[in-house]
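The values are calculated or read from the model by the stated rules, or taken from the named source; none is laboratory data. Bear in mind the structure is a predicted one, so any value in this text is a computation, not a measurement. Every residue, glycine as well, gets a Cβ built from its backbone with ideal geometry; the counts of neighbours run over all protein chains shown. Accessible surface is based on the protein model in full, side chains and every heavy atom, while ligands, DNA and RNA are left aside. Shrake-Rupley method; radii C 1.70, N 1.55, O 1.52, S 1.80 Å.
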Amino acid sequence: MAGKAAAPGTAVLLVTANVGSLFDDPENLQKNWLREFYQVVHTHKPHFMALHCQEFGGKNYETSMSHVDKFVKELLSSDAMKEYNRARVYLDENFKSQEHFTALGSFYFLHESLKNIYQFDFKAKKYKKVTGKEIYSDTLESTPMLEKEKFPQDYFPECKWSRKGFVRTRWCVADCAFDLVNIHLFHDASNLVAWETSPSVYSGIRHKALGYVLDRIIDQRFEKVSYFVFGDFNFRLDSKSVVELLEFDKELSVFKDRLYELDISFPPSYPYSEDSGQGRQYMNTRCPAWCDRVLMSPSARELILKSESEEKVVTYDHIGPNVCMGDHKPVFLAFRIAPGAGKRWQRQQRALRETSP
């Protein structure tokens, strides 16, 4: 990580990207997408990086899954990523399994300078040191290093075969333990139906599904840790009352006591034109909205904000503002875990457990 001396602490980069368009038009879009992604990596120089993808393999996955291997190989072996000598990749590619398929892809990269990083084994209920590069695809249901669920069909009966669901992993970095949840919530199936009520019926469906995930990751099976939930939430503006934009971005407010988000200063992340020459143009099929977000628990927020020094080390932004990245612009959160923050966090967790009834 050459260049000027980095700020102290462990640099973390969390990225979420709906990549369905990339596999439907790989020749025109993947090169742009990867170049912009690598630029963000170069700028923020993370020690630990997580990339959460939705619609991995494309919207027409039966025909475009063949492009997946090339994309994964490029990410793992490119010059831009050569300093990341350990990686974990979890790809839900089994599109023939209607019961389980989520089309989620989760990538985790560890810089060679990062020492003693551990991943949680949900079956053995203990952390294991991360070494080497490993890819898992066909066997995600039986992989103990993650939890994966597809939302029940009755959550969204309009959609005959929904791929929506979540994947959860748990990590210990710089003595800080946290969950990373890749999530894809239900879309608005009809613009007309979305306009009928405020909030819309689809907002209610997303609310139910997100509540299910939050309850799941803090249940009694495992020790509670901080968590980051980032993915395609499909949050939409309240169409019945929309006149401007952020003022009507209301869906997250239901979870204001359980999920926190940094201030948004970037344009809506969806729906951009998929024309490779139209990097800044929205499609007129939907009202623009901030579908792609990085959210966090209150304890994760404390970890980030207490780690911030006088130098600005927390960035919440989108990738590729002037370049076509598909119909979604990726969104990222970059921050640093300050030296000793993990120890403070552990003491706080112990104190909370001791005072809990």
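In the set (1) within 18 Å of C53 (Cα to Cα); (2) in contact with a helix residue (DSSP H, G or I) (Cβ under 8 Å, 6 or more places away or on another chain); (3) not hydrophobic (A, V, I, L, M, F, W, C), the condition left unmet by Y108 is number (2).
In the stretch 239-247, is there at least one residue being open to solvent by less than 10 Å² (accessible area, probe 1.4 Å), outside any strand (DSSP E or B), at pLDDT below 95 and out of contact with any strand residue (DSSP E or B) (no Cβ under 7 Å at 6 or more places or on another chain)? No, the stretch 239-247 contains no residue that is open to solvent by less than 10 Å² (accessible area, probe 1.4 Å), outside any strand (DSSP E or B), at pLDDT below 95 and out of contact with any strand residue (DSSP E or B) (no Cβ under 7 Å at 6 or more places or on another chain). Taken over the stretch 301-334, residues that are touching a His at 6+ places or on another chain (Cβ under 9 Å) and either modelled with pLDDT under 70 or not in a loop (DSSP other than H, G, I, E, B) (or both) amount to 4. Using the structure shown, decide if H52 is surrounded by fewer than 23 Cβ atoms within 10 Å (Cβ to Cβ) and not acidic (D, E). No.
Anything in the stretch 10-20 that is outside any strand (DSSP E or B) and closer than 18 Å to F332 by Cβ? List them, or say none.
First pass over the stretch 10-20, keeping only residues outside any strand (DSSP E or B): 19-20.
Of everything in the stretch 10-20, just one residue is outside any strand (DSSP E or B) and closer than 18 Å to F332 by Cβ, namely V19.
In this structure, is K59 open to solvent by 20 Å² or more (accessible area, probe 1.4 Å) and within 21 Å of F233 (Cα to Cα)?
yes
Would you check which residues across the stretch 270-307 are surrounded by fewer than 22 Cβ atoms within 10 Å (Cβ to Cβ) and of a type in the set (D, E, K, R) and list them? Correct list: E274, D275, R280, R286, R301, E302, K306. A single member of F71, F122, F109 is more than 25 Å from V331 (Cβ to Cβ), touching a residue at least 40 places away in the same chain (Cβ under 8 Å) and among the aromatic types (F, W, Y), and it is F122.
For first residues located in the stretch 30-53 and over 23 Å from F166 (Cβ atoms) and of a type outside the set (F, W, Y), partners that are open to solvent by less than 10 Å² (accessible area, probe 1.4 Å) and assigned to a helix (DSSP H, G or I) and lie 6+ apart or on another chain with Cβ distances below 8 Å form the pairs Q30/L22; Q30/F71; L34/L75; V41/M81. Scanning the stretch 88-106 for residues that are in contact (Cβ under 8 Å) with a residue 40 or more places away in the chain and charged (D, E, K, R), we see that the one that is surrounded by the most Cβ atoms within 10 Å (Cβ to Cβ) is D92. Here are the criteria: (1) among the acidic types (D, E); (2) without any contact (Cβ under 8 Å) to a residue 24 or more places away in the chain; (3) assigned to a loop (DSSP other than H, G, I, E, B). Tell me which single one E27 does not satisfy. Failing condition for E27: (3).
Okay, residues lined up against (1) modelled with pLDDT of 90 or more; (2) open to solvent by 10 Å² or more (accessible area, probe 1.4 Å); (3) closer than 21 Å to F335 by Cβ:
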{"position": "C172", "(1), (2), (3)": "yes, yes, yes"}
{"position": "D179", "(1), (2), (3)": "yes, no, yes"}
{"position": "H184", "(1), (2), (3)": "yes, no, no"}
{"position": "E196", "(1), (2), (3)": "no, yes, no"}
{"position": "S200", "(1), (2), (3)": "no, yes, no"}
{"position": "R206", "(1), (2), (3)": "no, no, no"}
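With respect to K125, is the statement that it is of a type outside the set (V, I, T), within 21 Å of F166 (Cα to Cα) and more than 20 Å from the chain's Cα centre (by Cα) true? When the stated conditions are applied, K125 passes them.
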